[in-house]
Every structure is written in structure tokens, then in C-alpha cells.
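Derivation of every value follows stated rules applied to the coordinates shown; laboratory data play no part. Everything numeric here is computed off the predicted structure, so don't read it as measured data. Here Cβ is always computed from backbone atoms with ideal geometry, including for glycine, and neighbour counts include all displayed protein chains.
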């Protein structure tokens, strides 16, 4: 006799004793047909009830330890039957009010804290399993930057208003940053952009400290040199001395302008600023009329204007 089996799921087999594995849950009618050597047949049936195999959720992560870093989460260690595995639905709860979907996802936390990540896996038969991971996200230190230091006058003199522009960045999106300037002369400021005038000449190490609301801070510095009036007058003298005589209407004009700068230096050193102001105006007129080199004239007039504004 020959034995023919139909398992009710499209698969068949022959033989008196056979085995079969069903890929999906369900109720199947199994039919056995037996034929003898004369061609006579008979059939019998039975019912096979196949139950679903629930998925087993599994997750891994390459998580770092600081806020703002992109973290990868992987549900690829989840197991199920071969037929259900490609149909699994992956839902992620990142523990900060946000969610994701897919077997592999990425996420960045906006702030430090302890977070519990939950992966929920559902198969096509609505069987569910979850996996949980808890980890700590540390605070990131902010980064301070002094973006610009500008002054309308060059060189900078005591009393000149200097504008300091600073900024700060933080990987923690929800962090609040505060700013602190130390101008190295006993004064401070607490805004990202600050205006300051130094009362005396010297070289100052100006610091900007940016602090987040978790107490982490970063400090950067820059150097500001404030010249004396004497330094500026001397630089004007050097410009005139080093210029070729062709930069003046007549060679003797160079000498006369140098003499006027010498008189101006005497007044500045004596502290007679009223006389110095008058001498600046005389120099301004003389340079405007007697200096023929356009670049030299512009440099000298700008220098005198700076002097005049500082007296």
C-alpha cells in the first residue's frame, strides 16, 4: 500500500509515518489517503491545532554617557519563528516622552538624567513581549567662545568703549546658559555681549565663563592692550618719520609736522590736555593740507581723531 498525506497548508508527503512543521498558527485538516496495489483507496482525516509562538524581545545599545549625543538602539536580538520574524513591529519608548519605531533606531537626549528605554515587540498574531534597559546620561560641559572684541578707535586708549561679544554652546538642548565676564580690572558683566572701558592703560586678560544650569562651566580668555596717550603720539611721530619726503607737499613740511608732534608730546606728558587738544587741531589742519600720500594722511587723521576723543 502507498500512503499520501495532505497537511492542510499546501504541503504534502508520502510514507506511512511522516513529520511536518507548520509555519503559522491555525487549525489544519490533515488528510491521509491509502491506496492498495489494485488501485482501491480510502481516506481519513484529523485536525491539527497549531498555537502561536510569542516573540522574545531583546535590545542592545551603543549608548554614550552625555546629553546631546546620538545613541543607537537595536532590537535585532529579538527572537521568533522564521515566518513571524520579518513581520514583527518594534515600538520604542525612550523614557523622556518620545518614541520611535523600527528594529534599529537612534535618539539624542536633551538633558541629563536616568532614563528607562522600553522596546515592545508585536508579531502578526498580536502576541507581545517587552525588553527594558536603564542607563544614566551625564551632563555635558558647555563650550564658551569670545567671538569678537571691537573698538572704534585703534589703538585702544583708556576710556574707549570696547564691545565684547561672547557665545556658548551646549549639547544639552534643554540647558540654560549664563555668562560671566571678568575684565581683569575689578569689574565684571553678566551678558553675552558686554561693553567696557578701561580706566587706565595696560595689558588685560579678559575672561568669559559660560555656565549651564547643572553647574558645569568653561572659561576662555583674550588679551586687550590699552595704550597711553604718549604711546599714540609716539606712533604718530613714527609714521611721519618713516614716510618718504615725497609723501609731503614740501620736504620741510615733514619736519614741521614732526615738530608739532613733539610739542604735542610735551603737553601730554605735562598733563596739559587743554593745550594738547588745541595742538591736535593744528596738526589736523596741517596734515590735511601738507600730506600728499592718501594712505598716510588717512592713518594720521584717524590717529588724531582717536587722541582728540580720548582727551
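How do 171, 24, 274 rank when sorted from fewest to most other Cβ atoms within 10 Å of their own Cβ?
Ordered from fewest to most neighbouring Cβ atoms within 10 Å, 171, 24, 274 come out as 274, 24, 171.
As an exercise, find the ratio Rg/Rh for the range 98-151 from alpha-carbon atoms, using the Kirkwood inverse-distance average for Rh.
For the range 98-151, the value is 1.30.
In whole angstrom, how far apart do the alpha carbon centroids of the range 51-127 and the range 147-197 sit?
46
Using alpha carbons only, how many degrees (0 to 90, rounded to 10) separate the axis of helix 294-310 from the longest principal axis of the chain?
Value to nearest ten degrees: 90.
Put one equal scatterer on each alpha carbon of the chain, apply the Debye formula with no solvent term, and list log10 I(q)/I(0) at q = 0.06, 0.09 1/Å to two decimals.
For the chain, the Cα-only Debye profile gives -0.53, -0.74.
Could you tell me what percent of the DSSP beta bridges with both partners in the chain are antiparallel, to the nearest 5?
Of those bridges, close to 95 percent are antiparallel.
Find the all-direction average of the projected area of the Cα convex hull for the range 229-310, expressing the result in square nanometres with one decimal place.
Its average projected convex-hull area is 4.4 nm².
Which order do 255, 150 fall in if you start with the one that has the fewest other Cβ atoms within 10 Å? Don't jump to the answer; show the numbers that get you there.
Numbers: 255 13, 150 10.
The fewest-first ordering by Cβ neighbours comes to 150, 255.
When the expected Rg is taken as 2.2 N^0.38 Å, what fraction or multiple of it is the alpha-carbon Rg of the range 203-250? If you can, show how the numbers build up before the last one.
Values: Rg = 21.4 Å, N = 48, 2.2 N^0.38 = 9.6 Å.
Taking N as the residue count of the range 203-250, the ratio is 2.23.
Any chance you could list the semi-axes, whole Å, largest first, of the equivalent ellipsoid that the Cα gyration tensor gives for the range 142-243, using √(5λ)?
Taking √(5λ) for each Cα gyration eigenvalue gives 34, 12, 10 Å.
For the chain, find the longest principal axis of its Cα atoms and tell me its angle to the long axis of helix 273-290, 0 to 90°, nearest 10.
It is inclined by approximately 90 degrees.
Using all alpha carbons of the range 60-137, what is the percent of pairwise distances in each 5 Å bin, ordered from the shortest bin to the longest?
Each 5 Å bin holds this share of Cα pairs: 3, 15, 29, 22, 14, 8, 6, 2, 0.
Calculate, axis by axis, the spread of Cα positions in the range 2-50 along the three principal axes, and write the results as whole Å, longest axis first.
Taking the Cα atoms of the range 2-50, the three principal extents are 38, 16, 15 Å.
Measure nothing fancy, just the Cα-based angle from helix 229-242's long axis to the longest principal axis of the chain, in degrees from 0 to 90, nearest 10.
80
Taking the range 41-179, how much of its Cα-Cα pair set, in percent, is spaced more than 23 angstrom apart?
57
Report, to one decimal in Å, the Kirkwood hydrodynamic radius for the range 1-105 based on all distinct Cα pairs.
It works out to 17.9 Å.
Over all alpha-carbon pairs of the range 61-102, lay out the pair-distance distribution in 5 Å bins, whole %, shortest bin first.
5, 17, 24, 23, 14, 9, 6, 2
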